[in-house]
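Asks: If you scroll down you'll find the structure; I have some questions about it.
The values are calculated or read from the model by the stated rules, or taken from the named source; none is laboratory data. A quick note: this is a predicted structure, and the numbers were derived from the prediction, not measured. Here the Cβ positions follow ideal geometry from the backbone for every residue, glycine too, while neighbour counts run over all protein chains shown. Areas reflect the complete protein model, heavy atoms only, side chains present, ligands, DNA and RNA absent. Shrake-Rupley method; radii C 1.70, N 1.55, O 1.52, S 1.80 Å.
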Amino acid sequence: MDMDKTTGTTPSKQLRRTREGRMIAGVCSGAGRFLGVDPNLLRLGLAIFTIFGGAGVALYAIAWLLIPEEGARKSVAEDLFKKASDSPTVQDAMQKTKDAVNKNRTHA
C-alpha cells in the first residue's frame, strides 16, 4: 500500500467512476476496482438484472448519479441538487411549500 508522506497514513479507498476501462460511464470499472473484482462480472450481473425485470438499467443510472467520477469532488446528483437549490424558481417553490405546510399546521 502507498503511504501518504505528509501524514504517514495509507489513503482511504474511495468508490469512484473510472475514466480508464469504462464502457459507458465508468460505473462497473470503478466498482470493480473498489471491490477488487473483474468489472465484466459486474457488467454481466447488471445485464442479467436488465433482462429479468429491467432493474439493471435503473441500478446503473442511480450509480452514475451517486458515484463521483475520478478527480471530481462531487457526484452528478450533488451538482444537480446544488444547481437546483441555487435557482430562484426552486427557492420560490420551496418557500411556498413551507408556507402551505405551516398554514396547515396552524389550522389543524
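Asks: Below 26 Å, Cα to Cα, which lysines can K13 reach? Residues fewer than 8 away in the same chain don't count.
Replies: K5, K74, K82
Asks: With springs connecting C-alpha atoms under 10 Å apart, model the chain as a Gaussian network and identify which of R17, R43, R73 has the largest mean-square fluctuation.
Replies: Residue with maximal mean-square fluctuation among R17, R43, R73: R73.
Asks: Magnitude of the Cβ-charge dipole of the range 5-90, K/R +1 and D/E -1, about the Cα centre, nearest 20 debye?
Replies: For the range 5-90, the charge dipole is close to 220 debye.
Asks: Take every Cα pair under 8 Å in the chain that's 6+ residues apart, average their separations, divide by the length, and report that relative contact order as a whole percent.
Replies: Details: 97 pairs, mean separation 18.1, N = 108.
Reported as a whole number, the value is 17 percent.
Asks: Determine the per residue accessible area of the range 21-86 with all protein chains present and a 1.4 angstrom probe, expressed in square angstrom.
Replies: 66
Asks: Oh, and also: Using a 1.4 angstrom probe on heavy atoms only, work out the carbon and sulfur share of the accessible area of the chain in %.
Replies: Summing carbon and sulfur atoms, their accessible area is 62 percent of the total for the chain.
Asks: If you don't mind, another one. How big, on average over all directions, is the shadow cast by the Cα convex hull of the chain, in nm²?
Replies: 12.2
Asks: If amide hydrogens are placed 1.01 Å from N in the peptide plane, which non-local residues have theirs closer than 5 Å to the one on R17?
Replies: Those lying under 5 Å, H to H, from R17 are E69, E70.
Asks: In whole Hz and in residue order, list the ³J(HN,Hα) couplings for the range 68-77 that follow from phi through the Karplus curve 6.51 cos²θ - 1.76 cosθ + 1.60, θ = phi - 60°; x for Gly and Pro.
Replies: x, 7, 3, x, 9, 8, 10, 7, 4, 4
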